[in-house]
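**Q** Please find one structure pasted underneath; my questions will follow.
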Amino acid sequence: MPKCNISEAHVIDYVYGELEQTQTSDFENHLTTCNKCTRMVAGYNRVLRTVDEAENEFMPHVIVPRNLETKLYKRLADAQPEKTSLLTRLSNYFAKLHLVMHEQKIASVCIFSLAVIVVAFFVGNPFRPTADLTLNRTNSANARIEQYRHQDIQRNFEDVLRKKHLRNTDSWDTVSHLNRVKDQAQGTDWANIANNQLKRVHSEF
Amino acid sequence: MDKMIDDEMLVAQFKSGSQRAFDELMKRYQRKIFGYLLRSVRNYEDAEELTLEVFFKAYRALGSWEPKAKFSTWLYTIASNLSIDYHRAKARQPVYILEDEEAIETKLVATDISSNPEKQLEDKERGRLIREAVDELSAKQKTVFMLARYEGMQIKEVAETLGMAEGTVKIHLHRAIKKLQTLLRPLWENNEI
């Protein structure tokens, strides 16, 4: 008969049903040829069977004591509140605070949104970019300056023509005035008009 | 309350303020926990007291309990720790006697008056000797043995309940069964059991 290398722990695992399926079948094959292991298995099973009988006789049915719940709640009511460390109390406080914040999150979001709408309605769009605002203001100012320049040219041109019509100036004065207006009106339509007037004055000489 | 609601759901309901959820949890587990503790301490009043203590501790700690394991495993952990403490306290006392066993049997076992009284006495004596052998185990060996044998737990669950490695549980179990074999052998040889 070959020497048996099976440990007692392995035998007890088998008795307790803790071996895997393949290990179990291997061990059962081994039992057919090993008297030592067969005796051990029988011995352990006898222990368990004997103890089971005694335990079952001791407690065939569990009869739970009456009013356990009532007794428990009475004990809870009588018990002093648990003493907690400062750290635990602080931790509980922050946990509660977090819970309240979490519960009121929706309300907070609604209030914030409403505030944004109110500000936008009464003050203007708070999200308008500042850079665009400056650009628009600059553009607006340049347009106004250009408009004043055109008005000034027009006024000077009308003044030249009025004086020429009333014959308050001579031809040289008129030419001189028209040249000044032409210089002033460089880059605008008024420059062409002034040029045409100059040609007419020269033709009248 | 719906019985299909799982324990973790009831714990969540209890955390949100439902007292009835705890009542339901207690209703589900009081029989098992009391039975486990009664086997362990062999004294009806002490088992009742320890069961109350288990649920008292559970009630107070449930608010901060995180479901890393099953609720039942957690309850058994509390019960096992209390049971181990109980046995250690008992072991420090000078005399250890099962003074209440008769009283328990009177409470728990319905007497069959038609059977042979002599045979009944013999059976009772035999049972008492075997249980005394079980009570000879160390607190941890007995706890491991009881959880594995009578609470239907696998080694892995016992390890989780007692916060031990599976290997340690196996060692306790092996030692328990070997010790029981040693303690029961004289009784078998003398034909007392």
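**Q** What's the exposure ranking of B:16, A:171, going from fewest to most Cβ atoms within 10 Å?
**A** Fewest to most other Cβ atoms nearby, the residues stand as B:16, A:171.
**Q** Using a Cα-Cα cut-off of under 18 Å, which lysines could be cross-linked to residue A:182, ignoring same-chain neighbours fewer than 8 residues away?
**A** A:163, A:164, A:199
**Q** Let me ask something else about it. Cα-Cα over 26 Å: which of B:90/B:179; B:32/B:170; A:74/B:15; B:27/B:170?
**A** B:27/B:170
**Q** Please work out the Cα center distance from the range A:36-63 to the range B:119-193, rounded to the nearest Å.
**A** 9 Å
Laboratory data are not the source of any read-out in this text; all were calculated from the coordinates shown. Predicted model only: the values in this text are computed from it and were never measured. Don't worry about glycine lacking a Cβ; one is built from the backbone with ideal geometry, like all the others, and counts go over all protein chains shown.
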